[in-house]
Amino acid sequence: MRVVSGSAKGRPLKSVPGSGTRPTTDKVKEAMFSMIGPYFEGGAALDLFAGTGGLGIEALSRGMDQAVFVDMEQKSIDTVRANLKAAKVEEQAEVYRNEAGRALSALEKRGRSFDLVFLDPPYRLKHGDELMLAMVQKGLLRQDAVIVLEHESGYEYPEDIPGFHRTRQAVYGETTVSIYKYEAASQEVQESSKEGNDESAD
């Protein structure tokens, strides 16, 4: 694994020891960033199931100002820190060992918000959409934020999730990448419409 493009292009990245993580291959990473960038003019990224940290590091290399990396496993956290150092982007990063849901609550308390979020949960967990909705409730997403959801090809998430619309989807063997855009305005319209219906039902 390596950083594919940008300021840290070509820097090698370590894998997490053992077989518990499933790093995104360079080929998939390159295709993914061509769909969402490929380069950025600043902004903040969240790599919620960081693993090696490869996705968040790629985003920093391609122009994001800062990134937050979260993982439950200490060996992943150690690998993320080593890879940030190797890519020379550690000063733009925060790294936390935490469970995803708790991490979102902690980030809410810190008043954080993001332009780009990578969600690559273990394939046994089918809760990417729930995490997206939780981010909305906690005010963690900026208008037009992009969510990159990696999931098992045999599992299909809805095209529309309240506040989100899937803009792209690509299949790479057993991995599917679904790209969602957060549209805060459409979320507000839905909520005001719901409130109006609730009132008329009284």
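The values are calculated or read from the model by the stated rules, or taken from the named source; none is laboratory data. Note that the structure is predicted; figures quoted are calculated from it, not measured. Counting neighbours? That spans all protein chains shown, and the Cβs are built from the backbone with ideal geometry, glycine included. These area figures cover heavy atoms from the full protein model, side chains too; ligands, DNA and RNA do not enter into them. Shrake-Rupley method; radii C 1.70, N 1.55, O 1.52, S 1.80 Å.
When the Gaussian network model of the chain links Cα atoms closer than 10 Å, the mean-square fluctuations of 148, 16, 171 top out at 171.
Between residue 95 and 69, the built amide H atoms are under 5 Å apart, and every one of these is 5 or more places off in sequence or on another chain. For the chain, the longest principal axis of the Cα atoms and the long axis of helix 128-137 meet at an angle of about 60 degrees. Solvent-accessible area assigned to carbon and sulfur over the chain amounts to 46 percent, based on a 1.4 Å probe. Structure remark: mean-square fluctuation, Gaussian network model of the chain, C-alpha springs under 10 Å; the largest value among 130, 58, 152 belongs to 130.
Protein heavy-atom accessible surface, 1.4 Å probe, per residue over region 26-106: 41 Å².
Distances between placed amide hydrogens fall under 5 Å for residue 141 paired with 114, all partners being 5 or more residues away or on another chain. Normalising by residue count, region 92-176 has a Cα convex hull of 114 Å³ per residue.
With labels modelled as points extended 7 Å from the Cα through the Cβ direction, what inter-label distance (nm, one decimal) is found for residue 127 paired with residue 72? If labels sit at residue 127 and residue 72, their model points lie 0.8 nm apart. To the nearest whole percent, what portion of all C-alpha pairs in the chain is separated by more than 23 angstrom? Here the long-distance tail beyond 23 Å is 42 percent of all Cα pairs in the chain.
Taking amide H as placed 1.01 Å from N in the peptide plane, residue 43 has its amide H under 5 Å from the amide H of 65, 66, each at least 5 places away in sequence or on another chain. Helix 74-87 and the longest principal axis of the Cα set of the chain meet at an angle near 70°. Just how many % of Cα pairs in region 32-98 lie over 17 Å apart, if you round to the nearest whole percent? In whole percent, the long-distance tail amounts to 33. Each residue of region 105-113 was assigned a 3J(HN,Hα) from its phi angle through the Karplus curve 6.51 cos²θ - 1.76 cosθ + 1.60 (θ = phi - 60°); the sequence is 5, 5, 5, 4, 4, 7, x, 7, 8 Hz, with glycine and proline shown as x. Among DSSP beta bridges lying fully in the chain, give the percent that are antiparallel, nearest 5. Expressed as a percentage, antiparallel bridges in the chain total about 50.
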